[in-house]
Amino acid sequence: MSEHNLEVILVNLISYDYLVRYQAPLPTNTLAGYLKTSMPKVKVTVIDMQKLFSQNENVGSDKETIFNQAISCTIQEIKCSSQNTPVIVGLSMKWTTQEVASIIIKQVTKSVDNNRVLFTLGNIMSTYGYQYLLENPEFQNTLAVVGEGERALVKIVQKALENLHNITNLSLYLGIANVAVRYDDKIFLEKLERVDLTQYPNLTIPTAIDIYDKEWDVYAIETSRGCPWGRCTFCSIKDQFGRCLNSNQKTDWGWKPFSLDKIFNDVQNYINQGAIRFDVKDSEFFGPVRKEGNTDHFESSMNRVAQFANQFGEFNKKFGATISHVSARVDTVVREQEILKNVRRRQVYEQLSQSGLIGLYLGIESGSKRQLRLYGKGVTVEENRQAIKILRELGFNLEVGFIFFSPLDVMEDLYNNISFIGETRLHETDSRIFGSLRVQEGTTYAEMLRKRNLLGKPQRRSLSYSYRYQDDEVYFIKKTFDTWEKATIKLVRLLPKAVRLESYEMNFFFLQDVLRGYFSGGRDNVKRVVMEHVKKRGTYLGGISDTGGSLSAYLSQAKVANSNLLK
């Protein structure tokens with residue numbers, strides 16, 4: 001039977017919690033492109049609900065109305081397609097999108113023949129929470145893709161094409177790698193497989209606009225997947241590519257690169273379409289740089305990055321192409337007692353700087369020796385300090401990952417952190433560095449808290465856990481800062497960079513003074529500090545230009561919230 005008798009609709013879901021962010025729908029478009037390449041006769045449609053929302057954001061209606069309109073438009077398009085052919089609907093489920101996914105499924109199945117629309121869940125909510133989702137009555141008649149979805153989606157489509165009269169028969173999909181199925185009240189996920197990135201087709205996303213990240217005005221690309229370290233206790237990277245619950249199968253979670261030929265073939269095509277500002281979305285750009293047993297990948301990793309720099313440098317010279325940022329670990333910049341390797345590290349970073357790489361996201365996480373050990377970072381405070389110094393000397397714009405508060409902290413950790421931030425001037429970077437640890441499902445840190453009886457209930461919407469702090473003093477400081485930051489946390493994302501940096505700097509001096517005040521005079525002294533800084537921030541908020549739209553709404557909310565702190 002003709003493959004034209006089936007349509008695949010891939011939906012990039014939105015969440016009401018993250019409306020101030022518009023990111024390129026890279027996962028959805030990647031899946032769509034891979035499927036088109038593998039099965040060119042299948043009709044594939046992408047619905048970007050972020051785009052539906054943003055297109056109507058400035059028409060005068062309130063956010064909730066526009067949000068609901070985006071949902072209605074998506075449902076209507078699925079219904080219309082299902083009148084013509086059976087449809088597979090893939091829902092890309094990021095954090096807090098469960099409610100939207102449920103509404104779409106419920107509304108479509110209520111008015112469409114039960115055999116004509118198969119819903120498939122994907123992305124991080126499905127990978128980390130497939131068992132919970134499939135046990136939920138709202139999702140029990142869906143498939144859940146775990147880990148990389150390219151090959152799984154192809155196999156699902158192939159099975160559906162063989163059974164177009166009843167594509168929702170879930171038994172058809174049992175045994176497909178990376179596909180979890182609820183069947184006879186049991187959940188089956190028999191095996192997991194990684195995609196062979198070295199054989200990945202060129203230009204699966206042919207149109208540059210489909211990788212455009214509106215928020216940062218860049219074009220998003222991948223050069224690798226995974227992480228070569230995988231030991232950070234707060235990170236669930238080892239489950240990024242799935243885990244078979246109730247199975248002994250080991251997950252292949254390691255770092256894997258795309259071929260440079262594929263990367264630069266794609267980049268050349270995007271440049272031909274006018275794209276010159278790129279952003280690398282890899283979890284970790286460099287690859288392994290540490291010796292594991294008798295194997296040392298340091299030189300091969302450095303050589304690959306040097307080759308990348310040379311090739312992209314040609315695009316930089318010819319077209320002015322740039323890369324806004326890559327994500328890197330501190331041990332790719334410097335390691336104590338590795339003098340010769342550090343020379344090579346610096347050489348490669350110099351090549352990147354000359355090739356058009358503008359900035360880096362660096363996972364610092366802490367300025368406390370004790371915290372770094374608890375986080376399993378495998379680096380020292382001095383290595384963190386040196387990495388920041390080296391990258392600044394080379395002229396990179398620097399963003400950092402930093403976890404200021406975590407439930408196993410003692411007050412000394414907070415003092416060490418604020419001292420480190422002041423010494424290294426991290427408060428001058430365009431980064432939110434005073435956040436609290438989000439304890440994710442599938443992390444070692446969650447188990448550490450469970451053993452100490454500090455772990456709370458699972459928060460399914462965000463794939464995380466609530467928790468208690470072991471130190472009441474630390475918790476008091478955290479709550480004080482949270483109350484302060486809450487007033488402006490959504491506003492700052494909409495501000496021009498220079499104005500946003502003023503807010504970040506204000507946060508630093510606030511927390512620094514709170515800690516000093518607490519040390520010298522306890523909680524009563526903290527109240528005085530808060531009052532002083534609230535007045536200063538009131539002046540700052542009064543000087544922000546109200547340009548209308550979302551900024552106007554969040555600015556108004558910030559002023560009210562700031563004033564309320566004086567009461």
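The values are calculated or read from the model by the stated rules, or taken from the named source; none is laboratory data. What you see is a predicted model, and the numbers here were worked out from it, not measured in a lab. Methodologically, a virtual Cβ is constructed for each residue, glycine included, from the backbone with ideal geometry; neighbour enumeration extends over all protein chains shown. Ligands, DNA and RNA are stripped out before the accessible areas are found, and what is left, the full protein with its side chains, is counted by its heavy atoms. Shrake-Rupley method; radii C 1.70, N 1.55, O 1.52, S 1.80 Å.
So the values come out like this:
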read-out	value
Selection status of Lys369, over 26 Å from the mean Cα position of the chain (by Cα), modelled with pLDDT of 95 or more and either surrounded by fewer than 16 Cβ atoms within 10 Å (Cβ to Cβ) or under 30 Å from Ala446 (Cβ atoms) (or both)	yes
Failed item, numbered, when Ile358 is tested on (1) buried (at least 21 other Cβ atoms within 10 Å of the Cβ); (2) touching a strand residue (DSSP E or B) at 6+ places or on another chain (Cβ under 6 Å); (3) among the hydrophobic types (A, V, I, L, M, F, W, C)	(1)
Candidate set: the range 408-418, residues that are open to solvent by 10 Å² or more (accessible area, probe 1.4 Å) and under 29 Å from His325 (Cα atoms); chosen: the one nearest to the chain's Cα centre (by Cα)	Ile418
Residue match in the range 210-221 (condition: part of a helix (DSSP H, G or I) and more than 16 Å from the chain's Cα centre (by Cα))	yes
Test: residue in the range 117-136 that is closer than 21 Å to Thr45 by Cβ, among the aliphatic types (A, V, I, L, M) and open to solvent by 20 Å² or more (accessible area, probe 1.4 Å)	no
Residue ID - surrounded by the fewest Cβ atoms within 10 Å (Cβ to Cβ), chosen from residues in the range 199-239 that are of a type in the set (Asp, Glu) and closer than 29 Å to Tyr375 by Cβ	Glu215
Of all residues in the range 137-148 being touching a strand residue (DSSP E or B) at 6+ places or on another chain (Cβ under 7 Å) and either open to solvent by 10 Å² or more (accessible area, probe 1.4 Å) or without any contact (Cβ under 8 Å) to a residue 12 or more places away in the chain (or both), the one that is nearest to Val8 (Cα to Cα)	Val145
Qualifying positions in the range 395-407 - at negative phi and open to solvent by 30 Å² or more (accessible area, probe 1.4 Å)	Asn397, Glu399
Qualifying residue in the range 85-104 (condition: basic (Lys, Arg), over 24 Å from Ala24 (Cβ atoms) and open to solvent by 10 Å² or more (accessible area, probe 1.4 Å))	no
Leading residue by the ranking (surrounded by the fewest Cβ atoms within 10 Å (Cβ to Cβ)) among those in the range 159-198 that are under 30 Å from Ser224 (Cα atoms) and in contact (Cβ under 8 Å) with a residue 60 or more places away in the chain	Thr198
Top-ranked residue in the range 534-567 [being open to solvent by 30 Å² or more (accessible area, probe 1.4 Å), among the aliphatic types (A, V, I, L, M) and outside any loop (DSSP other than H, G, I, E, B); ranked as nearest to Thr480 (Cα to Cα)]	Ala561
Test set (1) open to solvent by less than 20 Å² (accessible area, probe 1.4 Å); (2) touching a strand residue (DSSP E or B) at 6+ places or on another chain (Cβ under 8 Å); (3) closer than 30 Å to Arg370 by Cβ; (4) modelled with pLDDT of 95 or more - Trp255 fails condition number	(1)
Matching residues in the range 420-434 - criterion: being open to solvent by less than 10 Å² (accessible area, probe 1.4 Å) and closer than 23 Å to Tyr475 by Cβ	Phe420, Ile421, Ile433, Phe434
First in the range 452-463 and in a helix (DSSP H, G or I), second anywhere and open to solvent by 30 Å² or more (accessible area, probe 1.4 Å) and at pLDDT below 90, Cβ under 9 Å, 6 or more apart	Arg461/Asp17; Arg461/Trp95; Ser462/Asp17; Ser462/Trp95
Filtered residues of the range 59-73 (kept if more than 24 Å from the chain's Cα centre (by Cα) and open to solvent by less than 20 Å² (accessible area, probe 1.4 Å))	Ile66
Flag if Val154 is touching a Phe, Trp or Tyr at 6+ places or on another chain (Cβ under 6 Å) and either open to solvent by 20 Å² or more (accessible area, probe 1.4 Å) or under 22 Å from Cys244 (Cβ atoms) (or both)	no
Condition met for Arg450 (at pLDDT 95 or above, at positive phi and open to solvent by 10 Å² or more (accessible area, probe 1.4 Å))	no
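Residues checked against (1) under 17 Å from Arg500 (Cβ atoms); (2) free of Cβ contacts under 8 Å to residues at least 12 places away in the same chain:
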{"site": "Asp524", "(1), (2)": "no, yes"}
{"site": "Arg528", "(1), (2)": "no, yes"}
{"site": "Glu532", "(1), (2)": "no, no"}
{"site": "Ile544", "(1), (2)": "yes, no"}
{"site": "Ser552", "(1), (2)": "yes, yes"}
{"site": "Leu555", "(1), (2)": "yes, no"}
{"site": "Val560", "(1), (2)": "no, yes"}
